[in-house]
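One structure below.
The values are calculated or read from the model by the stated rules, or taken from the named source; none is laboratory data. On a predicted model such as this, the values are computed, not experimentally measured, just so you know. All Cβ positions, even for glycine, are placed from backbone atoms using ideal geometry, and neighbour counts span all protein chains on display.
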């Protein structure tokens, strides 16, 4: 099968997940093609390091024109196409009408009730990766199969060196852009409440954590 994936293609969670999904399809013997979608603000994409891969084309813009979708799919003989947090419902519906099976997922809190009918028209399948988004879609009247995410492929077979039992246990919290689903304060409160004297929490984000979101604790760093 010839499978297309439309996604960011630089250091973001969406792109890492797309890379992993692509490897799953490749291991199963399918041909895969990526249409790299630049981000809105800086038009970013990567073509170096792990992002230097065959079968990757860079779209002209974040809002990919309908004709560009159709031409890319026809040129590569795409039979099934996967999307991640793509709200170009009309363009994806056109791709579906051309005969391509369309599959997608969304960041659950950004998927609105008004999106349900448009998603039904654009996608053959909308799927969930977490229990919360699966439940929310059900409340909106959209039945979505839930896929369970496994071990990151690049970590399979790796062994960690033995650690000193007395050494601190480090927990890393990826806070991203500090959006609502990455709420920092509740996470830190839960860590502090656990009273694990040998644990340390490191909060990492793409921009400084506001003072109003910080909870001072000797075992928490931002």
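Please determine whether any residue of the range 119-135 is under 26 Å from residue 97 (Cβ atoms), at pLDDT below 95 and more than 15 Å from the chain's Cα centre (by Cα).
no
What are the residues in the range 211-222 that are farther than 26 Å from residue 167 by Cβ and touching a residue at least 12 places away in the same chain (Cβ under 8 Å), if any? So that I can check it myself, show each step before the final result.
At the first step, the residues of the range 211-222 found to be farther than 26 Å from residue 167 by Cβ are 211-213.
Selection gives 213 alone.
If you scan the range 156-175, which residues turn out to be at pLDDT below 80 and either over 24 Å from residue 11 (Cα atoms) or outside any loop (DSSP other than H, G, I, E, B) (or both)? Please lay out each step first, then the result.
The first filter runs over the range 156-175 and keeps only residues at pLDDT below 80, leaving 156-160.
Once the filter is applied, which keeps residues that are at pLDDT below 80 and either over 24 Å from residue 11 (Cα atoms) or outside any loop (DSSP other than H, G, I, E, B) (or both), the range 156-175 yields 159, 160.
Consider the range 171-207. How many of its residues are within 23 Å of residue 16 (Cα to Cα) and loosely packed, with under 11 Cβ neighbours inside 10 Å? Let's see the steps before the verdict.
Step one: of the range 171-207, the residues within 23 Å of residue 16 (Cα to Cα) are 171-184, 202-207.
Next, only the ones that are loosely packed, with under 11 Cβ neighbours inside 10 Å stay: 172, 177, 180, 207.
So the count comes out to 4.
Please go through the range 152-170 and pick out each residue that is surrounded by 10 or more Cβ atoms within 10 Å (Cβ to Cβ), out of contact with any helix residue (DSSP H, G or I) (no Cβ under 6 Å at 6 or more places or on another chain) and under 30 Å from residue 27 (Cβ atoms).
Those that are surrounded by 10 or more Cβ atoms within 10 Å (Cβ to Cβ), out of contact with any helix residue (DSSP H, G or I) (no Cβ under 6 Å at 6 or more places or on another chain) and under 30 Å from residue 27 (Cβ atoms): 152, 154.
Which count do you get for residues in the range 189-222 that are outside any loop (DSSP other than H, G, I, E, B), in contact with a strand residue (DSSP E or B) (Cβ under 8 Å, 6 or more places away or on another chain) and within 15 Å of residue 170 (Cβ to Cβ)? Write out each step before concluding.
Kept after step one, since they are outside any loop (DSSP other than H, G, I, E, B), are these residues of the range 189-222: 189-194, 199-205, 211-213, 220-221.
With in contact with a strand residue (DSSP E or B) (Cβ under 8 Å, 6 or more places away or on another chain) added as a condition, the list becomes 191-192, 199-205, 220-221.
With the extra rule that they be within 15 Å of residue 170 (Cβ to Cβ), the set shrinks to 191, 199-204, 220-221.
Residues that pass the stated criteria total 9.
In this structure, is residue 36 surrounded by 13 or more Cβ atoms within 10 Å (Cβ to Cβ), touching a strand residue (DSSP E or B) at 6+ places or on another chain (Cβ under 6 Å) and within 27 Å of residue 182 (Cβ to Cβ)?
Working: surrounded by 13 or more Cβ atoms within 10 Å (Cβ to Cβ): yes; touching a strand residue (DSSP E or B) at 6+ places or on another chain (Cβ under 6 Å): yes; within 27 Å of residue 182 (Cβ to Cβ): yes.
So residue 36 fits the description; yes.
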